[in-house]
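The values are calculated or read from the model by the stated rules, or taken from the named source; none is laboratory data. Just so it is clear, the model here is predicted, and its values are computed rather than measured. Please note: Cβ atoms are built from the backbone with ideal geometry, for glycine as well, and neighbour counts cover all protein chains shown.
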Amino acid sequence: MMNRRRFTLTALMAAAAPAALRAESFEVTRTDAQWRAMLTDLQYQVMRHEATERAGTSPLDKTYAAGTYLCRGCDLPLYDSTAKFDSGTGWPSFYQSLPNAIGTKEDNTLFSTRTEAHCRRCGSHLGHIFDDGPAPTGKRHCLNGASLVFVAA
């Protein structure tokens with residue numbers, strides 16, 4: 001009987017992501033073991049291997065209190081609650097980030113070209129940016145709640 005291996009999309013993306021993350025240098029760096037120790041499995045897969053949490057699973061999607069959303073990996077303030085809106089997608093969405101908070105790169109996975117957003121300080125994957133958001137920017141930063149920590153004002 002032939003030994004068949006099953007490859008999931010998350011596993012395939014995880015195998016490719018570490019090289020991409022190492023291609024850039026970031027202010028905050030940790031070993032893979034350090035990242036694994038500080039994050040849950042979901043957080044690790046999302047933040048370090050560019051996986052995506054299931055829509056509707058993050059409590060931050062429905063959080064609309066005043067405050068700031070920080071990077072779970074390094075506590076850098078990323079988004080202000082005044083830029084948050086209900087996109088109806090099941091993921092926390094913002095029309096803009098705080099100044100000098102995120103980095104972006106082209107993402108050609110899933111048979112399309114998207115703009116990936118990551119923390120500019122530690123490189124943690126946040127989500128993607130789309131051109132279907134509200135005024136004043138017309139952008140929708142569609143983020144994984146697993147990458148964020150909310151701090152109420």
(request) Return the residue satisfying two criteria in turn: it lies in region 75-103 and is loosely packed, with under 15 Cβ neighbours inside 10 Å and among the β-branched types (V, I, T), and of such residues it is farthest from T57 (Cα to Cα). (result) T82
(request) Sort out which residues of region 112-153 are part of a loop (DSSP other than H, G, I, E, B) and surrounded by fewer than 17 Cβ atoms within 10 Å (Cβ to Cβ), and write them in order of number. (result) S112, T113, D131, D132, P134, A135, P136, T137, G138, A153
(request) May I ask you to list the residues in region 62-118 that are acidic (D, E) and more than 13 Å from F130 (Cα to Cα)? (result) D75, D80, D86
(message) Go through region 56-74 and report how many residues are surrounded by fewer than 17 Cβ atoms within 10 Å (Cβ to Cβ), touching a strand residue (DSSP E or B) at 6+ places or on another chain (Cβ under 9 Å) and without any contact (Cβ under 8 Å) to a residue 60 or more places away in the chain.
(response) 1
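For (1) over 19 Å from V28 (Cα atoms); (2) in contact with a strand residue (DSSP E or B) (Cβ under 6 Å, 6 or more places away or on another chain), each residue gets a yes or a no:
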{"position": "K105", "(1), (2)": "no, yes"}
{"position": "R114", "(1), (2)": "yes, yes"}
{"position": "R121", "(1), (2)": "no, no"}
{"position": "L126", "(1), (2)": "no, yes"}
{"position": "A135", "(1), (2)": "yes, no"}
{"position": "R140", "(1), (2)": "yes, yes"}
{"position": "N144", "(1), (2)": "yes, yes"}
{"position": "V149", "(1), (2)": "no, yes"}
(request) Could you grab me the full set of residues in region 94-148 that are of a type in the set (D, E, K, R) and within 19 Å of W35 (Cα to Cα)? (result) R120, R121
(message) Give me the strands (runs of 3 or more DSSP E) completely within region 40-111, filtered to those with at least 3 residues that are at pLDDT below 95, ordered by residue number.
(response) 102-107
(message) Please count how many residues of region 103-128 are free of Cβ contacts under 8 Å to residues at least 40 places away in the same chain and within 10 Å of the chain's Cα centre (by Cα).
(response) 3
